[in-house]
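Read the structure below first, then the notes.
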Amino acid sequence: MLRTLLVIAIGFLPSMFSLWVIRKTQSRTHSRLRQAATNVYRVRLQQNIRSVESDARRSVGDHRYYLEGVGYLIGDISCKFNARSGYLRCAVNPSGPCQGCRYYEPTELVSGEAKQ
């Protein structure tokens, strides 16, 4: 009887070891994926911050503006194609710069307000 239990226990050892290795590998893989996702998020966040900071340092026609209730807007807000967003400058030249852009068209004004 004792021999039978010993043979069964020894028979289960390779599969138990294999299961332990698989779980350890999966845990390590999930950890690395989480770390990679976090790093990608940080890099994108830093790129967004750098682009907004660079917008603030650009020339006179390409600034960062704060609009109450909306937040920061980048680019030349007098341009017809400005996206009025803190992340995207415009539809035709999203990476900018606005000064000297060949697509620039002034916004048409209707009774003192910008027409959209």
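The values are calculated or read from the model by the stated rules, or taken from the named source; none is laboratory data. In this text the structure is predicted, and so the values were computed from the model without any measurement. When we count neighbours, we look across all protein chains shown, and the Cβ atoms used for this are built from the backbone with ideal geometry, even at glycine.
Please go through (1) modelled with pLDDT of 75 or more; (2) not in a helix (DSSP H, G or I) for Val60 and return the number of the only condition it doesn't satisfy.
Here Val60 meets the rest and fails (1).
Restricting the search to segment 74-91, which residues are among the aliphatic types (A, V, I, L, M), surrounded by fewer than 21 Cβ atoms within 10 Å (Cβ to Cβ) and under 23 Å from Arg44 (Cβ atoms)?
Ala83, Leu88, Ala91
Take the residues of segment 103-114 that are more than 15 Å from Asn82 (Cβ to Cβ) and in a loop (DSSP other than H, G, I, E, B): which is modelled with the lowest pLDDT?
Gly112
May I ask you to verify whether Thr38 is surrounded by fewer than 14 Cβ atoms within 10 Å (Cβ to Cβ), modelled with pLDDT of 75 or more and under 18 Å from the mean Cα position of the chain (by Cα)?
Yes, satisfied.
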